[in-house]
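Participant: First the structure, then my questions, so here it is.
The values are calculated or read from the model by the stated rules, or taken from the named source; none is laboratory data. Please read all numbers here as calculations on a predicted model, not as lab measurements. Here Cβ is always computed from backbone atoms with ideal geometry, including for glycine, and neighbour counts include all displayed protein chains.
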Amino acid sequence: MKKFIVLMNLCLLALTSSMAVAQEPSEFSRKGFYVGAGGIYAIENIDGGSITFDDSHGFNLRVGYRFHPHIAIEAEGERTMGFDSQQFSGDVATWTATINGKFFALTGQIQPYGLIGVGAMNATTGGQLVFGNSNGQSSTKETEVAFRYGAGMDMYITKNWVVNFEGTYVNPRGDLSSTEYFGLGGGLQYRF
């Protein structure tokens, strides 16, 4: 499933990039800062061996700067509230912080985009779940490098208010490499 989701995002990115015809920059693609908040539904892709997990809900916050009609850079923080184990009491909750590059295919009132980011994920186990190096602790924490890949769409309500929809795949490395998820979400942004 993981390969399918990554392939789907790459195809969407290629499709939106191919639509980037010679469109003139508009007031919707101006330079400047933006802030945003949104909610996500995180579809787990956790390799827990014989342990299976439920999906999780969560939220994200972001602040960014658009420095070119087709390019922005943003800092994003995202929280999943807990992927619950189906076999026994326990969950895995994550915080993920990434610096993302966003690449907009169009510059009008509707702007599809692709993004790629790098940062860190912090995962905490609760209940009866522990990471392999727990040393007998009832709750453990791990932090590792994480990558984010995705695509989305910004839709301008006014020149300052933006509704966005986004799908991203969060891919941590190291000890957390089995704690991956696909986040579907949306939110509201304010462009300064």
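Participant: Output the residues belonging to region 166-179 that are over 11 Å from the mean Cα position of the chain (by Cα) and part of a strand (DSSP E or B).
Facilitator: Listed by number, the residues that qualify are Pro172, Thr179.
Participant: Here is a follow-up. Yes or no: Ala105 touching a helix residue (DSSP H, G or I) at 6+ places or on another chain (Cβ under 6 Å), among the aliphatic types (A, V, I, L, M) and at pLDDT 95 or above?
Facilitator: yes
Participant: For region 153-181, give me each residue that is loosely packed, with under 14 Cβ neighbours inside 10 Å and free of Cβ contacts under 8 Å to residues at least 24 places away in the same chain.
Facilitator: Within region 153-181, Ile157, Thr158 meet the criteria.
Participant: Follow-up. Quick check on region 32-80: of everything there that is modelled with pLDDT of 95 or more and among the β-branched types (Val, Ile, Thr), which residue is nearest to the chain's Cα centre (by Cα)?
Facilitator: Ile40
Participant: Same structure again: Within region 27-85, which strands (runs of 3 or more DSSP E) (wholly inside it) include 3 or more residues that are surrounded by fewer than 17 Cβ atoms within 10 Å (Cβ to Cβ) and either touching a residue at least 60 places away in the same chain (Cβ under 8 Å) or of a type in the set (A, V, I, L, M) (or both)? Before you say what the answer is, go through the steps one by one.
Facilitator: Details: elements: 32-46, 56-68, 71-84.
It comes to 32-46, 71-84.
Participant: Filter region 175-192 for residues that are modelled with pLDDT of 95 or more and either among the basic types (Lys, Arg) or more than 22 Å from Tyr65 (Cβ to Cβ) (or both) and give the result.
Facilitator: Glu180, Tyr181, Phe182, Gly183, Leu184, Arg191
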